[in-house]
Amino acid sequence: MSRILLSTGNYAEIPYFFEKTYVNLYSAEELCYALVENVELLDQDIVSDKLARWLDEQCGLSKLAHALYGLVNQKCSVSAYVGTILEYIGLYPADVISHIETIIKNSAGMNPYERQKAKADYMLQNNRYVIAIERYDELLLKLPREEKKIPGEALHNRGVANAKLFLFEHAQEDFMTAYRTNGSMESLKQFLIARRMLDDDKKYVEYIAEHPDLHAVSLQVERAVEQAAGQFEMTDENRMLFTLRVCKEESSAVSGGVVQYYEEIEKLTASLKGAYRESVAR
């Protein structure tokens, strides 16, 4: 069930100019959204009396403003300042706020590119694959040529996101480019896994035969595939598939078997649709 969100404070007559993204904000909720969506850009500049004053005078949030004035005087951290705002407004649940604070703490010594990658990684780790791919795309376009470490890692992780969406052709391209960029054997291994998923057995074997330097890595891939197959046997999805097979086999012999078979199909389809919608949500 979705939460009912009530506006906190007044709608501002004079907006707050959020310099990090060059946008005007008119409410405390808009401020929270801007902070969370641009967490990789936040630095000590956000800790200011100016923002506290706007929340006080324009949004009527005097209690929050006074708490922020105190934090500014104490020369608090960015995470403490932002966390106080997010907790007071209540737009996001506690686990999200905690994660945002962790990102800010971890990014204290990061450059903007490292911060942006951290946010893309967060989307990947939370199964938001489409958004993750978009963030990696943006990052890779901005990276300067002298940056050596981030390109390979971003390409590899974008490959993971593509593979999660069954876009194995894009995934294999990302993994191979990552390998050529940083020489990571993990990227090469994932390239072969994506290729194995994309090709039929005959074509894949022919490819390995044409590239004898990949033989040792291909053996690692086979072990990884066998391990993944074994792990899948223990999943809820596999148990549901087993139930479907039983229902199908018994549908002609048992009264109501056909009905149960299609009911189980609907359950599995609904589960897969839900997981897919979550992975492509923006």
Next on the checklist: For the list (1) within 25 Å of Asn157 (Cα to Cα); (2) without any contact (Cβ under 8 Å) to a residue 24 or more places away in the chain, I need the number of the one condition that Tyr26 fails.
Outcome noted: (1)
Checklist entry - Within the stretch 142-174, which residues are of a type in the set (A, V, I, L, M, F, W, C) and either closer than 17 Å to Lys117 by Cα or outside the structural domain of Arg223 (by TED's automatic domain parsing) (or both)? => result Leu143, Ile150, Ala154, Leu155, Val160, Ala161
Checklist entry - Can you find even one residue in the stretch 48-55 that is closer than 20 Å to Lys105 by Cβ, of a type in the set (A, V, I, L, M) and either assigned by TED's automatic domain parsing to the domain that holds Glu87 or under 22 Å from the mean Cα position of the chain (by Cα) (or both)? => result yes
Item to check | Matching entry among Ser79, Ser62, Ser98 (being assigned by TED's automatic domain parsing to the domain that holds Ala12, crowded, with 19+ Cβ neighbours inside 10 Å and among the polar types (S, T, N, Q)) | outcome: Ser79
Next on the checklist: Going by what's in this entry, would Leu86 be described as aliphatic (A, V, I, L, M), in a helix (DSSP H, G or I) and surrounded by 15 or more Cβ atoms within 10 Å (Cβ to Cβ)?
Outcome noted: yes
Checklist outcome for this item: Checked pairs for the stretch 42-59, first more than 27 Å from Pro112 (Cα to Cα) and in a loop (DSSP other than H, G, I, E, B), second acidic (Asp, Glu) and modelled with pLDDT under 95, C-beta under 8 Å and 6 or more apart or across chains, list as none
Next on the checklist: Against the definition (surrounded by fewer than 13 Cβ atoms within 10 Å (Cβ to Cβ) and part of a helix (DSSP H, G or I)), how does Asp121 come out, yes or no?
Outcome noted: no
Checklist entry - Taking the stretch 25-41, which residues are at pLDDT 95 or above and not in a helix (DSSP H, G or I)? => result Leu25, Tyr26, Ser27
Item to check | Selection count where residues are assigned to a helix (DSSP H, G or I) and exposed (fewer than 13 other Cβ atoms within 10 Å of the Cβ), scope the stretch 139-157 | outcome: 3
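The values are calculated or read from the model by the stated rules, or taken from the named source; none is laboratory data. Note that this is a predicted model, so its numbers are computed, not measured. Cβ atoms come from the backbone with ideal geometry, glycine included; neighbour counts cover every protein chain shown.
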